[in-house]
Structures are given as structure tokens and as C-alpha cells.
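Encoded as C-alpha cells, the structure appears first; notes follow it.
Please treat every number below as a calculation from the coordinates, not as lab data. Note that the coordinates shown come from a computational prediction; the quantities given were computed from them, not determined experimentally. Note that each Cβ is placed from the backbone with ideal geometry, even for glycine, and that neighbours are counted across all protein chains shown.
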Amino acid sequence: MAITTATLDHTALRRTSRLHLATIASRIAIYGALILWAIVCLFPIYWTLTTSAKSAVDITQAHLIPWVNFQPDWKGWRSIGLSPDTIGTISTARDEFLARFTNSVVTSIGASALAVVLGSLAAFGLSRFEYKFLWMRNKDISFFFLSQLILPPVVLALPFLVLYRELALLDTTVGLIALYTLTVLPIVIWIMRDQFNTIPRELDEAALVDGLGSWGAFWRVILPIALPGMVAAFILSEVLTWNEYFFAALLTSSDAKTLPVMVASQTGSQGINWWSMAALSTTAIAPLALIGIFLERYIVKGLTAGSVK
Amino acid sequence: MDDAATLGTTSSRPRRQAGPYAGLGRGLIIVASIILVGCAGFETLHETGITSFGFENWRPILYAFLLWGVALGVGQVLIRGEAGKRALFILPAALFTVAMAIFPTIFGLSIAFTDWNLSSTTGQRFNGIDNLVALFHDGYFWNALLNMVYYVLMVLVEYAIAFGLALLLNAEIKARKFFRVAFLLPFMLSPVAVSWMVGKSMMEYRYGPMANLMRFFGWSSPSFFTNPWIARFSIEAMDAWVAIPFVMILLLAGLQAMSKEVQEAARIDGATGWQLFWRITFPLMLPVSVTAIALRVIFKLKLADIVINTTSGGPGGATDTVSSFIYREYRDRSNVGYGTMLAMFYLVIIVVFVTFLLDFAGRLVRRFAT
């Protein structure tokens, strides 16, 4: 009897230790995979950042680690007039860069704000009232808005090229803002409709009883509650419009040119100056990378709206 | 509560809420319409050369349209009171979408059937279905369309990777927040910057770190953009790198919303991790998966900027997408008429394809949900 208990104990022990080993192995596998993918995600950003501080020799020899492999320098930043030693001086490269950067900021914020205003109003109306326009009811009107999402930019690009030329809107920030608003409007309506549907109708009914009209109810009662959703929609729009290249490349040439177009047109007569390309790329990705780090939860909120019930 | 807020003038109960200013509202809309039509007609006469005087460009007609939009909104409120105020919620977005998407698409159709090269002096000339015939004989276009099939199919691979990452992030791990932010970051990056810093710098065949890594793994001449299949794969890898976080976030939200009890019960019944995934997790995740894949496919069909910046469609059109092909058709040859026809044809294909896809997805979800 004593012997059997001992053997039992022994096998049990062996089993637990094997289980323990399996747990450790799976832990290692999980963290290994996590770290590997984190490197995949972060290395290109690291590469961009360090390349902006490399001289030509360091680039052609693929030096990776600053201060160990190569001596970092403000080379890339000097070429766009943003290094510590050039920041006080007059620099046409910096003026050019700042103009493009400002264009990108104005265009993306303008379009995102306009889309959030138009989209929130439409989404609120569709979630609260019943409309009828010709044969279209709420469901059809929603579909009409959301179906714009599948419209590829290339279908609109050439008609807009011709239309904007006639309207004298080619190469203007206003023209670009209008187009960008169109591209993100379905997404904003999608997010905001989901947001308004989660707010109980009793709230605006109470507001109506209190004598506020439908607009009063929207403005005083619903809007403050829906604000996080609007922020999420705004930030997601900002991501898409800041990075937009296709329309900007076709419809702008000098005045309204945005940062992505400037990045894409950096090839000089002697090939590419990688350090300045890297510095420009850094400025193109830095604002959104910061948003990603500090406002991650809004992006997640925006992306997952309506897809998870 | 009266929910019969109606748009337009086709209300089933007209004048029910007619305010005292209904006449004023109608007058306003009529005057604004006259101004809009008048301006457009005036400029059309000028453009066609019938009259010698006119505006410098069509900008005044845009202002007339904006004015008309405002008048329509104010008119709605004046005519229909509260119902008009409710219509005002969707009116701006509806007018905007019609003016910016529907009108240009229809206008595009009128370009698609013409021979119009912006760099030639002959101007726009109607040429019937010549563009359509040329399209059917254009090998490069069909090649680009075939590439789109490959790119769209790769969405399934992106989905598999994203699912794996979502499962990793959903596991009991430390520093979850760090990994989640790190995994999300590629989604935030400008595809143009990615094409240059990854596609052209990191994948540089002489000294790029990717090339060095490949040499380390024993590929003696790692050129990423000379062989058609490898080039296609490289483009896809970059696009996947940017887009996987999007799919991953959707799937992660699905995993987190899933009830833990079902999984616990299955585990107590002795299900292995593998069985647990295929029998419980995967079927429960199907609705989210379908949404994620459908959205991803829709965005994939627009793929252009990475191709334009990294390979310009090369080698020999192997990496071309329809969008990048049409982009070059305009940029290099200024061929507006033919380019628009290509785009319109592509739009028809997309609409048909996405309709089938959504229908199939809907049936798939219904079949597994019951």
C-alpha cells in the first residue's frame, strides 16, 4: 500500500513537473513571439530615426547602433534646417519644409473636423428620427452614406482633376480638404452611428419634454455624452488624412502640396540623400506615432466601433 | 412624438406642420434655384462660345450651389417647422456626398466615353465605346487586375497573422500595454514614408538591413524587386505590415468581448488548446472576422501609394495595382478619357465583387451562428 502511494506520488510529481515545463515552454514561446513582432514593428521606425543622423559612409556600410557603430550627427536635420546649429539661421529648405508641414496640418485637421461635424449630425439624425426621401428610408440613407467607403479614390481622381481645374480649386488647400472629408465621412458616420445608438433615447425624450428642440437636445444633452466617440472618429480621420498621398499627388503641385508628396519627391540628380529623406520621413511619421502612443485607446475605440457587439 | 420628419417635398402629410413662413421658405428655395440654374446656364453659354461674356471660371457656380444648399436648409425649417429642423441633421452630409461623390462619378462617365488627352491640343472628343474596346485589348490593365486578385487573396494571410497576434495580446502577459502600442504603430505610419524608408532603404540590395539579414539566412543576392513574384511579395509584405494592426485590433476586441465562461467550461471538460481554438474561439469569432476581412478587402482594393512610390508597378507591371496603373496612365500620358474609362470599369467590378463578398459573408455568419 505504502509502495503504491509512493509510486502514485512519484508519477503525479513527474506529471506536474512536465506540466510546469510545458508552461515555461509556452511562456517562452509567447514572449518570444511578442518580442519578435515588436522588433518587426519598431525596427523600421528605429531605422528611420537613426538614418537621419548618418553620413553617407555609415549608410552604405549599414551601421546600426549610434555611438557604437557610427558617430551620430545632425546631418539629416541640417539639410532641412532643423538642426541645433541651423535653427537660428535663415534657411529656404526649412521654409519649404514648414510650408508643407503646415499644409498637412491644416488639411488633415480641417478635413477631420468637417467630417466629424457633418458625420455626427447625419449619424444623430439617422439614429433618432425617421426620414423618407423618395423611396429611401433610414436604412437606405445609411447604406447610401456607408457605401461611399468602397468608392476607390482612382474613380474620383480624374473627374476631380477636370472639375477642380474648371472651379480654380486645383492646388488649393480648400479643394483638398473637401476631398479628404469625403473619403473619411463614411467612417465617421459608421463610428458615430454606433456611438449614438448606445445612448438611451430616454435622454433626448426627457430633453424634448423640458422644452429643448431636437437641436437643443442634440447640443446640450447628447453631444457631451458622445464626445469620446467624436474624439475617436476625429483621430481616426486624422490618421487617414495625414497619410493620404494619392489625391495630394494628383491635385497639388506647389501651393497646397502636403508632406507625403514632399517626401515622395526627394530624388535629386545625385540619387537620394538618405539622411534628409530619413529626417523628412521622421517628421511625417512622428505626429501620428505620438498620437498612437498617447491616444491609443481612442484609435482602438474608433476602429472597433460597430464591429463588436 | 412625431417622428414623421421627412426630407424633400414628398411628405405623406404635406403642410401638416406648415409654419406661418411656409410661403417665404418656398420663395427662398425657388429664388436660390433660379440663381443656381441661371449662373450655370450663363456660364454654359459662355463656355460653348454662344455668348462672348461670362465668368472667368466655374467658381461662381460653386458659390451659387453653396447658397442654394443654405437656402434649401432654411427653407425646410420655414416650410415644415420641427420636421424641417430634423431634416437639417442629414441634409448637409447628404448634399455634400451628392455634390462630391455622385456628381463627379456621373461627370466621370461623360469623360469616360471621350478621347481626351490633356497634353494634346485637340481637346475632348466623343468616341463612343472606343475606350471600352481599347480596355479589353489592354494587357497591362488585365495584368493589374490579376495582381489585385493576388493582393486580395493575401488578405487571408494577413488575417491569420493578425489573429495570432490578437491571441498573443489576449494571453496572460506582462507589459500588455507596451506590446499593444508597439503592434499598433505601423498602422499610424505614412505609407509614403514606409515605401521609402522600408521599401527603398531597408530593402536596398547592397547595404539595406533586410538584404543583410537575407544574406545571413543564405540568400546570396537578395534583390527584392527584380523577380516578379518576389517583388509582388515585397509590396504585399509592406502593405500587410501597415494594415495588420487594423485587423488585429478588431480581432482583439472580439476576443475580449467573448465570454470566458464557455472557454472555462470547455477546458474543464478536457478540451486541449487546439480543440478549444477550433471548436469554440474560432466559430465565436466568425462575425468579427468577417467584418475585419471585408473591411480589409475594401481597403486593399484601393492599394496604390506603396506601389507608386516603391516600384512604379515594375518589374514589367508585376506589382501594378489598378489604381497605380491608372495613376501612371494620367501622370505619364495625360490620358484622361481612357484613364477614366479604366476607373469606371474597375468601379463596376468592385461593386459587383463587394456585393457578392458581403452576401457570402452574411450567409457564412448566419450558417455558423445557428
query = Mind checking the mean number of beta-carbon atoms from other chains within 10 Å of the Cβ atoms in B:164-176?
reply = 3
Theoretical ellipticity at 222 nm over chain A - DSSP helices of four or more residues, -39500 (n - 2.57) apiece, nearest 500 = -23500 deg cm²/dmol
ask   = Going by the alpha-carbon gyration tensor, a ≥ b ≥ c the square roots of its eigenvalues, is chain A rounded (a/c under 1.5) or, if a/c is not under 1.5, prolate (a/b greater than b/c) versus oblate?
value = oblate
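Going by average Cβ neighbours within 10 Å, how do the peptides A:35-44, A:143-152 rank, with the highest at the top?
On the way: A:35-44: 15.9, A:143-152: 18.4.
Highest-to-lowest ranking by the protection proxy: A:143-152, A:35-44.
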query = From the backbone phi of the range A:67-78, what are the Karplus-calculated ³J(HN,Hα) couplings (6.51 cos²θ - 1.76 cosθ + 1.60, θ = phi - 60°) in whole Hz, Gly and Pro given as x?
reply = 6, 9, 7, 8, 8, x, 9, 7, 3, x, 6, 5
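Give the average, rounded to an integer, of partner chain Cβ atoms located within 10 angstrom of each Cβ in B:77-83. Don't jump to the answer; show the numbers that get you there.
Details: counts 0, 0, 0, 0, 1, 4, 3.
If you average over the peptide's residues, the count of other-chain Cβ atoms is 1.
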query = Using the count of nearby Cβ atoms within 10 Å as a rough guide to exposure, how do A:282, A:258 rank from fewest to most?
reply = A:282, A:258
remark   = Where a ≥ b ≥ c are root eigenvalues of the Cα gyration tensor, a/c under 1.5 meaning rounded, otherwise prolate if a/b exceeds b/c and oblate otherwise, chain B counts as oblate
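Within the range B:74-122, which chymotrypsin sites (Phe, Trp or Tyr not before Pro) sit in a loop by DSSP and count at most 16 neighbouring Cβ atoms inside 10 Å? Kindly include the intermediate steps, with their values, before the conclusion.
Numbers: sites: B:89, B:96, B:107, B:113, B:116; in loops: B:113, B:116.
Sparse-neighbourhood loop chymotrypsin sites (Phe, Trp or Tyr not before Pro): none present.
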message = For residue A:201, project a label point 7 Å along Cα to C-beta. Then give me every residue of the range A:120-162 with its amide nitrogen under 16 Å of that point.
response = A:124-132, A:138-139
inquiry  = Taking the number of other C-beta atoms within 10 Å as the exposure measure, put A:16, A:60 in order starting with the fewest.
reply    = A:16, A:60
query = For the protein assembly as shown, max minus min Cα coordinate along each principal axis, in Å, sorted largest first?
reply = 104, 69, 58
ask   = Which listed residue (A:158, A:34, A:116) has the Cα farthest towards the positive end of the charge dipole for chain A, taking +1 on Lys and Arg C-beta and -1 on Asp and Glu C-beta about the Cα centre?
value = A:34
Shielding score for B:60-71, defined as the mean number of other chain Cβ atoms within 10 Å = 1
ask   = Calculated from DSSP H runs of 4 or more alone, at -39500 (n - 2.57) each and per residue, what is the 222 nm mean residue ellipticity of chain B, nearest 500?
value = -22000 deg cm²/dmol
remark   = In whole Hz, the Karplus estimates of ³J(HN,Hα) for the range B:24-32 (6.51, -1.76, 1.60; θ = phi - 60°; x where Gly or Pro) are 4, x, 4, x, 4, 5, 5, 4, 4
ask   = What order do you get for B:63, A:131, A:298 when you list them from fewest to most C-beta neighbours inside 10 Å?
value = B:63, A:298, A:131
remark   = Non-local residues with an amide H under 5 Å from the amide H of residue A:70, with H modelled 1.01 Å from N and Pro and chain starts lacking one, are A:65
message = Placing unit charges on C-beta atoms (Lys and Arg positive, Asp and Glu negative, everything else neutral), compute the dipole magnitude of the protein assembly as shown about its Cα centre in debye, rounded to 20.
response = 1460 debye
ask   = Which whole-Hz ³J(HN,Hα) couplings does the range B:264-274 yield from phi under the Karplus relation 6.51 cos²θ - 1.76 cosθ + 1.60, θ = phi - 60°, glycine and proline marked x?
value = 4, 4, 5, 5, 5, 6, x, 6, 7, x, 5
